[in-house]
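The values are calculated or read from the model by the stated rules, or taken from the named source; none is laboratory data. Keep in mind that what you see is a predicted model, and the values were worked out from it rather than measured. So basically every Cβ, Gly included, is an ideal-geometry build from the backbone, and we count neighbours across all protein chains shown. When the accessible area is computed, the model is the full protein with side chains, heavy atoms only, and any ligands, DNA or RNA have been set aside. Shrake-Rupley method; radii C 1.70, N 1.55, O 1.52, S 1.80 Å.
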Amino acid sequence: MSEALATTGSTDAAKSPAGSKSERAYAYIRERIVDHRYSPGYRLVLGTIADDLGMSVVPVREAIRRLEAEGFVTFEHNVGARVALADETEYTYAMQTLGLVEGAATALSAPLLTDADLDRALEINERMRRMLDELDPHEFTRLNEQFHSVLFEPCPNPHILDLVHRGWGRLRGVRDSTFSFVPQRARHSVAEHEEIVQLIRDGADALDIELAARRHRWRTLDAFLAARHPESPTSPLHTPEEP
C-alpha cells in the first residue's frame, strides 16, 4: 500500500475507540492494515471481526465500506472484502524480476542438487497437491516457497542468490498470497513443479531449466493480471496458461 494511502482516512477515528461502533471498527481494521497484521490480499470476514470487537456486523460493514472508499479494501464477486493489493505495479515488477533471477539460480543449482534434494522438492509438491480440493492459499504459498527454496538455495553465485532472496522479500511485502486471488492457478503450478524437477533429474540443458523456471513464475503473474484486468491482452513478455 502506498505511503499516501497509509496516511489517509480519519486520524481522529483511528485514535477514538470510544466513538461510535462504526468508528471503532474502522480504527481497528485500519490499524491492522497499516501495520500489516492484515496483509495485502487478506480476506476480511465480517463476522469474525465483529466477534473480536463484541458488536454486530452492521458497523463492521460500514467501516469496511469507508475503507473501500479510501482505497484500503477491495470487494470481489463471490469472495467479499479483501485488503487491497499494496501496489500492483510493484508486484508486477517483483514477479518479472524474480522470474529472471530465480530461473538463473535454479539452473545454476541444478548440477548440485542430489536425488534426495529432488525427492524433498517432490514431497513438498505432493503436500501442495493434496491441498488443491480445499485450498488454503496461505499454507499453499508457504509450501510453494519451500519447494522453490530447495531448488535455488544451492546456487553457487551469491549475488544471484541474494537477488532471489530480495525478490521473495518484496513479494511478501506487497501481497498476502497470489493464490488467494487466482486459486485456479494452484493446480497448474503443481504440475509445472513436477516438470521442472524432471528436467533437473534428467540433466536437461541449463537454459531449458532456466526458461522453465522463468515461465513458471511469469505464468503466475499472467494469471493474476488476467483476473484483475480481464479486458486486457496478455503481455508479450509472458507465456499464457495452457488450456
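Across region 85-95, the qualifying residues are those that are closer than 14 Å to R166 by Cβ and modelled with pLDDT of 85 or more, and the one among them that is most open to solvent (accessible area, probe 1.4 Å) is Y93.
When the residues of region 114-159 are narrowed to those that are of a type in the set (D, E, K, R) and part of a loop (DSSP other than H, G, I, E, B), which ends up nearest to R187 (Cα to Cα)? Looking at residues that are of a type in the set (D, E, K, R) and part of a loop (DSSP other than H, G, I, E, B), I get R130. In the set H216, H229, only one residue is surrounded by 15 or more Cβ atoms within 10 Å (Cβ to Cβ) and either modelled with pLDDT under 95 or of a type outside the set (D, E, K, R) (or both); that residue is H216. Suppose the filter is in a helix (DSSP H, G or I), out of contact with any Asp or Glu (no Cβ under 7 Å at 6 or more places or on another chain) and modelled with pLDDT under 95; does A223 pass it? Criteria not met by A223. Considering only residues in region 177-187 that are assigned to a loop (DSSP other than H, G, I, E, B) and either within 30 Å of D115 (Cβ to Cβ) or of a type in the set (S, T, N, Q) (or both), the one that is least open to solvent (accessible area, probe 1.4 Å) turns out to be S177.
Here is the figure for region 20-49: residues that are more than 21 Å from the chain's Cα centre (by Cα) and among the acidic types (D, E) total 2. The number of residues in region 127-154 being open to solvent by 30 Å² or more (accessible area, probe 1.4 Å), in contact with a Leu (Cβ under 7 Å, 6 or more places away or on another chain) and farther than 24 Å from G203 by Cβ comes to 1. On the stretch given as region 62-84, residues that are in a helix (DSSP H, G or I) and open to solvent by 10 Å² or more (accessible area, probe 1.4 Å) total 5. If you go through region 1-27 and pick out every residue that is at pLDDT 75 or above and in contact with a helix residue (DSSP H, G or I) (Cβ under 6 Å, 6 or more places away or on another chain), you end up with 6. Residues in region 36-61 that are at pLDDT below 85, open to solvent by less than 70 Å² (accessible area, probe 1.4 Å) and of a type outside the set (S, T, N, Q): Y38, P40, G41.
Among the residues of region 163-176, is there at least one that is open to solvent by less than 70 Å² (accessible area, probe 1.4 Å), touching a Gly at 6+ places or on another chain (Cβ under 8 Å) and not polar (S, T, N, Q)? Yes, region 163-176 contains at least one residue that is open to solvent by less than 70 Å² (accessible area, probe 1.4 Å), touching a Gly at 6+ places or on another chain (Cβ under 8 Å) and not polar (S, T, N, Q). Hey, any hits in region 119-126 for a residue that's polar (S, T, N, Q), under 19 Å from R219 (Cβ atoms), touching a residue at least 12 places away in the same chain (Cβ under 8 Å) and in contact with a helix residue (DSSP H, G or I) (Cβ under 8 Å, 6 or more places away or on another chain)? Yes, the conditions are met somewhere in region 119-126.
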